[in-house]
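A short reminder: the numbers here are calculations on the coordinates, not readings from a lab. Being a predicted model, the structure only gives us computed values, none of them experimental. Every residue, glycine as well, gets a Cβ built from its backbone with ideal geometry; the counts of neighbours run over all protein chains shown.
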Amino acid sequence: MKLSELLLGQSAEIISVESSQIPKSSYERLEEMGFVVGALVKPMHRGLAGGAIAYEVRGGLIALRATEAECVEVRAV
């Protein structure tokens, strides 16, 4: 399941991040923000225009574009 497919408030564990679908700088930024294999993540807020989604990850609240969220594979917990 893709990170972008989670329902608001639904917790999941990151099982992979597909680096070939986004620029290297975006992939590195995801890692720096805590979107790494094994991390727990939960969507908390959606943008009004459907663009960005705010995720709770490692104690922080991080907004991702839909294209970035599509690169993160998760397993619901």
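Determine by what factor the alpha-carbon radius of gyration of the range 1-44 differs from 2.2 N^0.38 Å, reporting the quotient.
Taking the Cα Rg and dividing by 2.2 N^0.38 Å, one obtains 1.15.
I need the fraction of alpha carbon pairs in the chain separated by more than 16 Å, rounded to a whole percent.
The calculated P(r) of the chain puts 40 percent of pairs beyond 16 Å.
Which distance in nm do the two modelled labels at Ala63 and Glu18 give, with both placed 7 Å along the Cα-to-Cβ direction?
2.5 nm
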